[in-house]
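Where a number appears in this text, it was derived from the coordinates with a stated rule and is not lab data. As the structure is a prediction and not an experimental result, all values here were calculated from the model. FYI the Cβ positions are ideal-geometry reconstructions off the backbone, even for glycines, and counts take in every protein chain you see.
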Amino acid sequence: SAVISQKPSRDICQRGTSLTIQCQVDSQVTMMFWYRQQPGQSLTLIATANQGSEATYESGFVIDKFPISRPNLTFSTLTVSNMSPEDSSIYLCSGNRGPNTEAFFGQGTRLTVV
Amino acid sequence: GENVEQHPSTLSVQEGDSAVIKCTYSDSASNYFPWYKQELGKRPQLIIDIRSNVGEKKDQRIAVTLNKTAKHFSLHITETQPEDSAVYFCAASIQGNQFYFGTGTSLTVIP
């Protein structure tokens, strides 16, 4: 599996501001994904980051709130826009190298909105 | 998207006993089923996976079974050890495009 470096590892943000989370993979991956995980809860898929095109969002998530970029096969960003306390969560990026292969994860970003 | 259900949500076993976690999925197009272990404050790590052309797979103390007709798959851990204590997630994927996770099982192995 590849190594994903995610940053920041944690942040405390004021409501109404935006935070951009970055993920860098040490080698090319086919697919990249962004998840949200409340402490003690499951992973909820936000979107699939597509290289060179708009991300594919899951139901309940929209581009204006969670804009995503993927300029190449090793890098992606997720922005959490106009944050509210309800956005407090752990955000994880993930990638895999092709069909029916494992998804591996970044270490997560613990976001607290105050 | 895919809907994955997982049971039980918590599981306590004595060291040396077996643990079984069960998952069901809704989309018959799902064909890849990984299992992840997540320790507190850490990222999920793959422990075993199974593809839809296989009914069972084993790796030392861990095994996974898949019943495509019934759309369910299970994780079996034998001879449990305290270091097996963690949260376990099942997932279903269609060709590795989008992974949908179950609700998680918190496993505690009592020494």
Cysteines in the protein assembly as shown lacking a second Cys C-beta under 4.7 Å: A:13
Diffusion coefficient in µm²/s returned for chain B by Stokes-Einstein, Kirkwood Rh over C-alpha pairs, 20 °C and 1.002 mPa s, is 154 µm²/s
Within the stretch A:39-83, the residues whose backbone N lies under 12 Å from a label point placed 7 Å from the Cα of residue A:18 along the Cα-to-Cβ direction are A:63-69, A:78-83
Out of B:20, B:64, B:54, a Gaussian network model of chain B with alpha-carbon springs under 10 Å gives the largest mean-square fluctuation to B:54
Taking amide hydrogens as modeled 1.01 Å from N in the peptide plane, which residues meet the under 5 Å criterion relative to residue A:113, leaving out close sequence neighbours? A:13, A:88
Would you please classify the overall shape of the stretch A:27-69 from the alpha carbon gyration tensor, given that a ≥ b ≥ c denote the square roots of the eigenvalues, rounded means a/c under 1.5, and beyond that prolate means a/b larger than b/c while oblate covers the rest? oblate
Cα gyration tensor category, rounded, prolate or oblate, for the stretch A:34-108 with a/c compared to 1.5: oblate
In terms of the alpha carbon gyration tensor, root eigenvalues a ≥ b ≥ c, rounded if a/c is under 1.5 and otherwise prolate when a/b exceeds b/c or oblate, the protein assembly as shown is prolate
Order of A:58, A:86, A:102, B:5 from fewest to most other C-beta atoms within 10 Å? A:86, B:5, A:58, A:102
Within a Gaussian network of chain B (alpha carbon springs, distance under 10 Å), most fluctuating of B:19, B:63, B:29: B:29
Magnitude of the charge dipole, the protein assembly as shown, Cβ model with Lys/Arg +1 and Asp/Glu -1, debye to 20: 280 debye
Rounding to the nearest 20 debye, state how big the charge dipole of chain B is about its Cα centre with +1 on each Lys and Arg Cβ and -1 on each Asp and Glu Cβ. 280 debye
Under a GNM of chain A (C-alpha, springs under 10 Å), which listed residue has the highest mean-square fluctuation: A:47, A:55, A:103? A:103
